[in-house]
Amino acid sequence: MIPELSNPSVLMRDPERVQEILQSMMKAGSNTIQVISDFDMTLTRFAFNGKRCPTCHNILDNSKLITEDCREKLKELLNTYYPIEIDYTRSIEEKLPLMVEWWTKAHEILVKQEIKKNLLATAVGESDAKLRDGYQLFFDHLHKHSIPLLIFSAGIGDILEEVILQAGVFHPNVKVFSNYMDFDESGVLRAFKGELIHIYNKREGAMLNTGHFEELRARHNVLLLGDSLGDLTMADGVQDMENILKIGFLNDKVDERKKSYVDSYDIVLVKDETLEVPNAILLYLTGNR
Ligand code: TMP
Ligand code: MG
């Protein structure tokens, strides 16, 4: 049905069930579909030419907007907490307070840096951030078919918006839930707005935005894209859901984590730096196949 599902990077627990979901969603039509996607390491690349690509936070970590001392501290936090984030031997319950610790400490350090709003665009422009290959088709096709795309990120909203803006794909069908910076009247970072979103409270984040899901309540069919097991709860706010197809990128520690990803995501993309499979699915769902 979709030849790309036979790509070597694709793993499926139950390929027949995937076909059933896809057929049901395709028959219902593109006006019943909404897409909910994580940002860092899902819409952006994990690595390029053997080198890790930055997350929203890393774009700041590597920029000229912070001092050397701050850079050291943020790197230390990354070296401490990232191995915990991807540690398959610990439960989400065990990791959750540690992730809150990571985000809280990182944001406290960033807020002390007096980062200026008008310098964010340059920091993003000078960074190595890269959307996955095929991003243009992904964003443009969703826009063309008026399919809403919710980008649900524990990264930094101001940074991720700038990434998609500079890539020319911040179309009007895109909505973002993320951590936004709070600047004072002179444009200096003073705090982060609202409730913190970290990788394991996306369910709570979704529940705070019921208005968005209310507006989209006629769209019963959800395509979910993520790279962390925490991303699986991003669609928990969707009302009257009929079908959900969950696509997970497995970027790191593949052997250890393969089983848990195949158990929880319908389609797992192993070390696949492209949006080829999600794009093939979108083309199928919109009758372009
Ligand atoms: P996501 O929800 O868009 O994937 O964003 C979360 C990612 O951000 C997660 O993989 C961890 C990463 N992160 C950093 O790289 N540096 C930091 O300081 C923090 C708090 C998170
Ligand atoms: Mg992610």
- [ ] Would you please give the residues with an amide H less than 5 Å from that of Asp133, counting only those at least 5 places away or on a separate chain, with H modeled from the backbone geometry?
- [x] Leu275
- [ ] Give me the angle, in degrees from 0 to 90, between the Cα long axis of helix 92-111 and the longest principal axis of the Cα atoms of the chain, rounded to the nearest 10.
- [x] 50
- [ ] Using the 2.2 N^0.38 Å rule of thumb for compact globular proteins, work out how the chain stacks up: its C-alpha Rg over that value, please.
- [x] 0.98
Task: Relative contact order %, region 127-230, counting alpha carbon pairs below 8 Å whose residues are six or more apart - done: 21
Open item on the list: Check which residues have an amide H placed less than 5 Å from Cys53's amide H, if you skip close sequence neighbours.
Closed with: Ala47, Phe48
Open item on the list: Need one number for region 140-215: average projected area of the convex hull over its C-alpha atoms, nm².
Closed with: 6.1
Task: Mean projected area (nm²) of the alpha-carbon convex hull when region 69-127 is viewed from all directions - done: 4.9
TODO: For region 15-156, just the Cα set please: Rg and Dmax, both in angstrom.
DONE: 18.6, 56
Task: Acute angle (nearest 10 degrees) that the helix 15-28 long axis makes with the longest principal axis of the chain, alpha-carbon atoms - done: 90
TODO: Could you list, in their original order, any pairs among Lys105/Lys175; Lys64/Lys193; Lys144/Lys202; Lys51/Lys116 whose Cα atoms are separated by more than 25 Å?
DONE: Lys105/Lys175; Lys144/Lys202; Lys51/Lys116
Task: Anisotropy class of region 200-289 from Cα gyration tensor, a/c 1.5 cut - done: oblate
- [ ] Working from Cα positions, state the angle (0 to 90°, nearest 10) between the long axis of helix 157-166 and the longest principal axis of the chain.
- [x] 70
- [ ] Calculate how large, on average over all directions, the projected area of the Cα convex hull of region 170-252 is; give the answer in nm² to one decimal.
- [x] 7.3
- [ ] Using DSSP, restrict attention to beta bridges with both residues in the chain and report what percent are antiparallel, rounded to the nearest 5.
- [x] 30
Task: Lys/Arg +1, Asp/Glu -1 at C-beta; the chain dipole; positive extreme among Ile164, Asn209, Phe177 - done: Ile164
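No value in this document is a laboratory result; all are computed from the given coordinates. Small disclaimer: the values here were computed from a predicted structure and weren't measured. Using ideal geometry, Cβ is built from the backbone for each residue, glycine included, and neighbour counts are taken over all protein chains shown.
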